[in-house]
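I have placed the structure first, in the form of structure tokens, so that the comments after it can refer back to it.
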Amino acid sequence: MSYYDIDSILTDAEKIPCTFQVDIPDLGYLDNTPTQPLKAGTKVSLPLWLAEMLAIANTGDIEGKSFVTFDLPAALGNDVVQALKADPRAVPLRDQSAHFYGLATHMMELSEEQELAAVLRKTFVARAAEVALHARKVGGVGHKGKGEEGSNLGIGGAGEEFLRGLDEWERKLFRKAHDGAKAGKEWMEGVKKH
Amino acid sequence: MPMYGDLGNKLVQHAKRTQNLTHLPPYQTELVRAVTREVRDLDKDVASLLEPFQGSFDPSADQATACTLLVNHLSMRRNKRCLLAYHRTRTDKLEELVWSGSDVLDLAGQQAGGGNGAGAAVDSGGGSSLSPQEEDYFRQYGDLLAAYKGQWTDVDLTGSLEPPRDLFIDVRVLKDAGEIQTEYGAINLTKNSQFYVRQGDVERLIAQGYLQKLG
């Protein structure tokens with residue numbers, strides 16, 4: 001998670017639902033009404049890079065109130081969690097958020113949701129195994145001698161559906177596993193020749 | 001609902017795409033300009049917000065202003081990160097290109113052929129996909145690399161890491177490359193001619209696309 005990491009920056013742009021706790025005259029534009037003051041209690045979707053700091057910043061208030069409170073985004077909502085509990089492999093995470101795990105990790109840092117953390121951990125483990133399985137199949141590592149390009153042409157219906165639903169992190173994992181298997185195979189072939 | 005940071009985000013999405021490309025897409029002159037303008041506007045807002053306080057602003061006494069200032073500050077910080085990340089992605093790519101031996105002129109040709117310019121970079125210097133600053137960076141990094149390589153005359157640092165199968169190879173000339181000197185005398189590389197040469201002598205020319213290895 002470096003400062004220059006493109007995926008980390010894009011993850012920070014994911015929006016989460018926030019509620020303002022203070023009246024703020026100049027911030028009406030956040031609620032699409034630039035001419036009107038932003039009233040306490042207004043619900044606005046804010047990107048993580050903004051929401052995070054507003055939620056933890058000290059307002060100087062005696063009660064320790066912060067500028068905004070936030071809820072879990074829909075991507076981590078109850079529906080999704082129930083679906084993940086049922087079968088992690090059947091949920092296209094990408095449809096929830098292209099940076100699903102990045103978003104989830106961020107939210108875990110901001111709030112303590114023990115149960116959600118456990119579900120996410122199980123989800124990743126189950127899906128990672130599936131990703132590895134597909135990565136070995138694609139590009140004809142096991143069969144089909146000359147699957148040179150390593151294109152996605154080789155995979156059938158269900159697999160394709162699963163791979164389409166991978167979030168950005170899982171995609172990286174897939175690419176690494178796939179390239180690794182391919183390089184290993186190429187090396188083995190080279191050994192035989194000489 | 002357009003808001004602060006949206007343009008910066010667009011820039012980072014460009015960077016994301018750039019990472020997966022082998023060539024360098026056109027520099028987003030307009031977008032970069034728009035993001036820096038946004039930072040300047042935000043800075044002006046902050047200055048005018050703080051003006052009445054004469055340098056003695058107390059955040060706990062005026063929460064609304066404190067929050068506005070925080071939002072402005074965070075937006076500027078966000079834009080800065082987007083700008084830096086965008087440019088760094090590109091300079092990383094430029095360094096890679098220097099190491100692999102392509103030159104700026106090649107890049108310009110690629111861009112003209114591709115015709116995929118978003119219109120933004122066209123005004124920035126003869127159809128190159130680099131900004132003038134980037135061209136400068138490219139040149140100077142190239143000089144730096146050449147100076148570094150100069151310390152070892154018998155090792156080619158940018159040469160291929162693959163051990164050669166044969167010392168001599170057949171090559172066909174794709175573009176006129178003029179005369180080169182080899183251990184076995186000079187050869188004149190004219191287009192479409194074919195030669196049996198020492199691989200080490202022509203490796204650079206193959207990498208630059210002047211020659212094609214046969215067989």
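For the range A:36-126, which helices (runs of 4 or more DSSP H) that fit wholly inside it have 1 or more residues that are modelled with pLDDT of 90 or more, over 13 Å from the mean Cα position of the chain (by Cα) and acidic (Asp, Glu)?
Qualifying helices (runs of 4 or more DSSP H): A:48-56, A:78-86.
Quick one: which strands (runs of 3 or more DSSP E) lie wholly within the range B:163-206 and hold at least 3 residues that are hydrophobic (A, V, I, L, M, F, W, C)?
Ranges flagged: B:168-173, B:185-189.
Go through the range A:44-57 residue by residue and tally those that are open to solvent by 30 Å² or more (accessible area, probe 1.4 Å) and facing chain B (nearest Cβ under 10 Å).
Summing the residues that are open to solvent by 30 Å² or more (accessible area, probe 1.4 Å) and facing chain B (nearest Cβ under 10 Å) in the range A:44-57 gives 3.
If the requirement is being within 14 Å of chain A (Cβ to nearest Cβ) and open to solvent by 70 Å² or more (accessible area, probe 1.4 Å), which of these qualifies: B:61, B:66, B:15, B:85?
B:61
With the requirement that a residue be facing another protein chain (nearest Cβ under 10 Å) and surrounded by 19 or more Cβ atoms within 10 Å (Cβ to Cβ), what does the range A:15-43 give you?
Of everything in the range A:15-43, those that are facing another protein chain (nearest Cβ under 10 Å) and surrounded by 19 or more Cβ atoms within 10 Å (Cβ to Cβ) turn out to be A:20, A:21, A:22, A:24, A:27, A:30, A:38.
If I ask for residues that are open to solvent by less than 30 Å² (accessible area, probe 1.4 Å) and over 17 Å from residue A:126 (Cβ atoms), which ones from the range A:158-178 would you list?
A:168, A:178
The values are calculated or read from the model by the stated rules, or taken from the named source; none is laboratory data. Note that this is a predicted model, so its numbers are computed, not measured. For neighbour counting, all protein chains shown are included, and Cβ atoms are generated from backbone atoms with ideal geometry for every residue, glycine included. In case anyone asks, the SASA skips ligands and DNA or RNA and just uses the protein heavy atoms, side chains included. Shrake-Rupley method; radii C 1.70, N 1.55, O 1.52, S 1.80 Å.
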